[in-house]
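Q: This structure is in structure tokens; I'll ask about it shortly.
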């Protein structure tokens with residue numbers, strides 16, 4: 001009886017995967033990238049990576065990603081003096097970019113602690129985003145549009161004009177002067193020299209995850225649960 005059950009299980013598993021359930025081998029392979037790339041050495045939280053991959057897989061299965069090779073993680077559990085944005089190619093298993101990224105003015109000083117989805121708060125928002133098109137603005141120059149996809153958590157990103165853009169306060173020079181990065185009005189701002197290559201790499205339908213160890217967010221996230 002046990003032998004028959006095992007044989008049946010081996011036959012059904014591939015069919016279940018094709019039917020749209022989680023392909024555990026693919027998930028395990030992606031999670032292994034954390035070790036393969038020594039991402040802990042680069043400062044990325046293991047929890048941030050695991051949650052990012054979990055959400056990425058769900059969005060991929062739901063057909064919401066136009067590009068399922070690239071995963072971007074912003075690890076706001078780190079000091080703003082650290083390069084806490086990671087652009088990872090999951091297919092080629094390579095770390096494409098690691099760079100500084102600023103958080104919102106009212107989210108915190110050196111560390112990002114307070115988050116909001118509301119306009120006028122000048123705070124960053126946690127959670128999963130899908131990248132949009134590149135744009136040119138009169139104030140910030142080249143930028144990348146972000147669509148927040150988590151209701152009540154970051155879904156007002158378009159309304160709030162939360163975008164990725166370059167800023168002089170998101171540089172090592174600024175850190176040397178002040179002891180931390182400068183802060184945005186809620187946008188994840190990058191060093192000016194990296195906005196173009198990063199935006200071109202992650203634009204148009206890739207997954208971006210903004211992380212902080214926030215139990216309330218983890219519990220409420222529809223993408224993670």
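The values are calculated or read from the model by the stated rules, or taken from the named source; none is laboratory data. Note that the coordinates shown come from a computational prediction; the quantities given were computed from them, not determined experimentally. FYI the Cβ positions are ideal-geometry reconstructions off the backbone, even for glycines, and counts take in every protein chain you see.
Q: I'd like to verify a number: residues in the stretch 96-111 that are touching a strand residue (DSSP E or B) at 6+ places or on another chain (Cβ under 6 Å) and farther than 16 Å from residue 165 by Cα, how many? Don't jump to the end; show me each part of the working.
A: First pass over the stretch 96-111, keeping only residues touching a strand residue (DSSP E or B) at 6+ places or on another chain (Cβ under 6 Å): 96-99, 101-104, 107.
Then keep just the ones that are farther than 16 Å from residue 165 by Cα; that gives 96, 107.
Of the residues in the stretch 96-111, 2 are touching a strand residue (DSSP E or B) at 6+ places or on another chain (Cβ under 6 Å) and farther than 16 Å from residue 165 by Cα.
Q: Now for a separate question. Among the numbered criteria (1) over 24 Å from residue 90 (Cα atoms); (2) in contact (Cβ under 8 Å) with a residue 40 or more places away in the chain; (3) buried (at least 16 other Cβ atoms within 10 Å of the Cβ), which one does residue 152 miss?
A: Against the list (1) over 24 Å from residue 90 (Cα atoms); (2) in contact (Cβ under 8 Å) with a residue 40 or more places away in the chain; (3) buried (at least 16 other Cβ atoms within 10 Å of the Cβ), residue 152 comes up short only on (3).
Q: Among (1) closer than 23 Å to residue 89 by Cβ; (2) crowded, with 16+ Cβ neighbours inside 10 Å, where does residue 180 come up short?
A: (1)
Q: Sort out for me the strands (runs of 3 or more DSSP E) sitting completely within the stretch 39-110 that have 2 or more residues that are within 15 Å of the chain's Cα centre (by Cα) and surrounded by fewer than 23 Cβ atoms within 10 Å (Cβ to Cβ). Before the answer, list the steps.
A: On the way: elements: 70-75, 85-89, 94-99.
Strands (runs of 3 or more DSSP E) meeting the threshold: 85-89, 94-99.
Q: Within the stretch 155-211, can you find the residues that are assigned to a helix (DSSP H, G or I) and in contact with a helix residue (DSSP H, G or I) (Cβ under 9 Å, 6 or more places away or on another chain)? Before the answer, list the steps.
A: First, the residues of the stretch 155-211 that are assigned to a helix (DSSP H, G or I): 157-160, 172-178, 195-202.
Within the stretch 155-211, no residue meets the criteria.
Q: Now for a different question. Could you check the stretch 44-59 and list, in sequence order, the residues that are in contact (Cβ under 8 Å) with a residue 60 or more places away in the chain and touching a strand residue (DSSP E or B) at 6+ places or on another chain (Cβ under 8 Å)?
A: Hits for the stretch 44-59 are 45, 47, 48, 51, 52, 55, 56, 59.
Q: Another question, if that's okay. Could you please find all residues in the stretch 116-142 being within 17 Å of residue 102 (Cβ to Cβ) and exposed (fewer than 12 other Cβ atoms within 10 Å of the Cβ)? Give the derivation first.
A: So in the stretch 116-142, the residues within 17 Å of residue 102 (Cβ to Cβ) come out as 116, 121-126, 129, 137, 139-142.
Within the stretch 116-142, 137, 139 qualify.
Q: Condition test on residue 164, is it modelled with pLDDT of 95 or more, within 21 Å of residue 56 (Cβ to Cβ) and surrounded by 23 or more Cβ atoms within 10 Å (Cβ to Cβ)? Outline the logic, then answer.
A: Working: modelled with pLDDT of 95 or more: yes; within 21 Å of residue 56 (Cβ to Cβ): yes; surrounded by 23 or more Cβ atoms within 10 Å (Cβ to Cβ): yes.
Taking the combined requirement at face value, the residue satisfies it.
Q: Got a number for residues in the stretch 134-154 being in contact with a helix residue (DSSP H, G or I) (Cβ under 7 Å, 6 or more places away or on another chain) and not in a strand (DSSP E or B)?
A: Initial filter on the stretch 134-154 (in contact with a helix residue (DSSP H, G or I) (Cβ under 7 Å, 6 or more places away or on another chain)): 134, 142, 144, 146-148, 153.
Then keep just the ones that are not in a strand (DSSP E or B); that gives 153.
Residues meeting the conditions: 1.
Q: So which residues in the stretch 140-160 are in contact with a strand residue (DSSP E or B) (Cβ under 9 Å, 6 or more places away or on another chain) and more than 14 Å from residue 223 (Cβ to Cβ)?
A: Looking only at the stretch 140-160, we keep the residues that are in contact with a strand residue (DSSP E or B) (Cβ under 9 Å, 6 or more places away or on another chain), and these are 140-150, 153-158, 160.
Matches in the stretch 140-160: 140, 141, 142, 143, 144, 145, 146, 156, 157, 158, 160.
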